[in-house]
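For reference, the structure discussed in these notes is given below.
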Amino acid sequence: MPDNTQHQLSHKLILRIVELSILTLLIDLTLRPLLVQLPIYFTWIGLLDLAIVTSLYIIVRFNIFPTLEIILSLLVAIIIITPSFALSGGVNSQVAYLLPLYPIMAALIGGYRESLIVTIILAIGIILATIFSQHITDLTGAMYSEQKSIDRGFWLTTSIIFSGVFGRFFLKRYTELTQQLKNENIQDPLTGLFNRRGLNLHFSKELDSADASSSSLSLILIDIDYFKKINDMYGHDIGDICLIEIASNLSQAIRKNDILARFGGEEFIIILPNTTKSEAASIAEKLRVLISKQKFSSLNLVLTITQGLTEYNKDNDNALKMIKRADKALYRGKDKGRNCVEQSE
């Protein structure tokens, strides 16, 4: 996933969480006095929490500090629960049962680093709260029990650490699945090359780069000669093997920064950054010779390729126009007998 898209998703997630927090605080401030009698300072804490969360909402909603949204969100999450935790029994507080959710929440809206930091802060806080539990108010009115506080502190710390570990596992698995999905979306399943979606993504970036740097950009459209006969005579399984092997040959022959994609059927396309048309013609000729000297599949079939190439003109030019010019050049090459390189007019 591009960084910009990932930031947008995190921004939306933070916004929804903050909105839910505001709603929860409003309900708590409205209903709590009707259900339970607590000291007045809890109401003031609730109002202060509401003010803090509302301020965070404004910051996130209007993108005031976009690079600090995650850090501010996690900081606010810890700030708003700390007074209630400290004033309602520490490790014996019902609020404490929410703490193991924090590392997972940090993993969701931030990442492993954020989850680790929150886990460490909370674990240290729980240990300190356990040590000084005798001096923390227990609103339940229960008599202080050192053993009970130690037991609860131990299990609460364990739960938080487990939550942090789970957050790391979740992120690792999420990253793997996201990358797999991304690859499936932009890769051709047969050859492993970029498909049209992947091509369009990279083509757009290279066009922007060429505009920004005033550098040259060329394109080669490749077609395997008489490929339909291969499928008709030997079957599509042999045809698929030929496609895979040709894709492998082309992939190994191009330069590191060149972009190779399967354009469809037996057609391939190569984007060549910082390459003039004459330089692209030289590369295309080397590819033509390479393929013509190879033998493909277990049947040792001899195949050739015809190529059409063009260069980015910059003046009102775009990807579609470049591909059309290369396609016309390709068909001129076919009309001339195939197994050749033809440049656009």
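The values are calculated or read from the model by the stated rules, or taken from the named source; none is laboratory data. Since the model is a prediction, treat every value here as computed from it, not as a measurement. Every residue, glycine among them, receives a Cβ derived from its backbone with ideal geometry; neighbour counts consider all protein chains shown. For the accessible areas, the whole protein counts, side chains as well, though only heavy atoms, and no ligand, DNA or RNA atoms are used. Shrake-Rupley method; radii C 1.70, N 1.55, O 1.52, S 1.80 Å.
LYS229 fulfils the conditions (1) assigned to a helix (DSSP H, G or I); (2) of a type outside the set (Asp, Glu); (3) within 29 Å of the chain's Cα centre (by Cα) except for a single criterion, (3). Taking the numbered list (1) in contact with a Phe, Trp or Tyr (Cβ under 9 Å, 6 or more places away or on another chain); (2) closer than 25 Å to GLY111 by Cβ in turn, SER10 passes all entries but (1). Is there a residue in the stretch 144-157 that is closer than 28 Å to TYR102 by Cβ, in contact with a helix residue (DSSP H, G or I) (Cβ under 9 Å, 6 or more places away or on another chain) and of a type in the set (A, V, I, L, M)? Yes, that holds for at least one residue. Taking the criterion of being surrounded by fewer than 20 Cβ atoms within 10 Å (Cβ to Cβ), under 19 Å from GLN343 (Cβ atoms) and of a type in the set (A, V, I, L, M, F, W, C), the only residue of the stretch 242-280 that qualifies is ILE254.
Filtered by the rule that a residue be on the phi > 0 side of the Ramachandran plot and without any contact (Cβ under 8 Å) to a residue 12 or more places away in the chain, the stretch 327-339 gives a lone residue, GLY337. Among the residues of the stretch 202-241 satisfying the criterion of being farther than 22 Å from ILE283 by Cβ and among the charged types (D, E, K, R), which is most open to solvent (accessible area, probe 1.4 Å)? Per the criteria, the residue is LYS228. Restricted to the stretch 1-118, the set of helices (runs of 4 or more DSSP H) holding at least 1 residues that are modelled with pLDDT of 85 or more, of a type in the set (D, E, K, R) and within 33 Å of the chain's Cα centre (by Cα) comprises 3-35, 40-61, 69-87.
Among the candidates ASN185, ASN249, which residue alone is closer than 26 Å to LYS324 by Cβ and assigned to a helix (DSSP H, G or I)? Talk me through it step by step, then tell me what you get.
Working: ASN249 fails: closer than 26 Å to LYS324 by Cβ.
Step by step, each of ASN185, ASN249 is checked, and only ASN185 is closer than 26 Å to LYS324 by Cβ and assigned to a helix (DSSP H, G or I).
Figure legend. Inter-residue proximity from the stretch 194-215: first residues touching a residue at least 40 places away in the same chain (Cβ under 8 Å) and closer than 14 Å to LEU272 by Cβ, second residues of a type in the set (A, V, I, L, M, F, W, C) and assigned to a helix (DSSP H, G or I), beta-carbon distance below 7 Å, spacing 6+ or different chains. Indicated pairs: PHE203/ALA319; LEU207/ALA319.
Scan the stretch 119-148 for residues that are open to solvent by less than 80 Å² (accessible area, probe 1.4 Å) and either part of a loop (DSSP other than H, G, I, E, B) or more than 19 Å from ILE81 (Cα to Cα) (or both) and report the count. First the steps, then the outcome.
If we filter the stretch 119-148 for residues that are open to solvent by less than 80 Å² (accessible area, probe 1.4 Å), which is where we start, we get 119, 122-123, 125-126, 129-130, 133, 136-139, 141-142, 145, 148.
Those left that are additionally either part of a loop (DSSP other than H, G, I, E, B) or more than 19 Å from ILE81 (Cα to Cα) (or both): 136-139, 141-142, 145, 148.
Within the stretch 119-148, residues that are open to solvent by less than 80 Å² (accessible area, probe 1.4 Å) and either part of a loop (DSSP other than H, G, I, E, B) or more than 19 Å from ILE81 (Cα to Cα) (or both) number 8.
Please indicate, with yes or no, whether at least one residue in the stretch 42-52 is open to solvent by 20 Å² or more (accessible area, probe 1.4 Å), small (Gly, Ala, Ser) and under 17 Å from ASP138 (Cβ atoms). I'd like the intermediate steps shown before the answer.
Let us first name the residues in the stretch 42-52 that are open to solvent by 20 Å² or more (accessible area, probe 1.4 Å), namely 43-45, 47-48, 50-52.
Add one more test, that the residue is small (Gly, Ala, Ser), and what stays is 51.
Next, from what is left, pick out any that are under 17 Å from ASP138 (Cβ atoms): none.
Checked against the condition, which is being open to solvent by 20 Å² or more (accessible area, probe 1.4 Å), small (Gly, Ala, Ser) and under 17 Å from ASP138 (Cβ atoms), the stretch 42-52 yields no hits at all.
Scan the stretch 93-105 and report the pairs whose first residue is free of Cβ contacts under 8 Å to residues at least 60 places away in the same chain and whose second residue is among the aliphatic types (A, V, I, L, M) and open to solvent by less than 90 Å² (accessible area, probe 1.4 Å), with Cβ atoms within less than 8 Å and a gap of 6+ or a chain change. That search, which allows pairs on different chains as well, returns SER93/LEU139; VAL95/ILE81; LEU98/ILE81.
Looking at the stretch 66-94, which of the residues that are open to solvent by less than 40 Å² (accessible area, probe 1.4 Å) and of a type in the set (A, V, I, L, M) is farthest from LEU47 (Cα to Cα)?
Residues of the stretch 66-94 open to solvent by less than 40 Å² (accessible area, probe 1.4 Å): 69, 73-74, 76-78, 80-81, 84-85, 88-93.
In the following step, the residues that additionally are of a type in the set (A, V, I, L, M) were identified as 74, 76-78, 80-81, 91.
Working: LEU74: 19, VAL76: 14, ALA77: 15, ILE78: 16, ILE80: 10, ILE81: 13, VAL91: 24 Å.
Top of the filtered list is VAL91.
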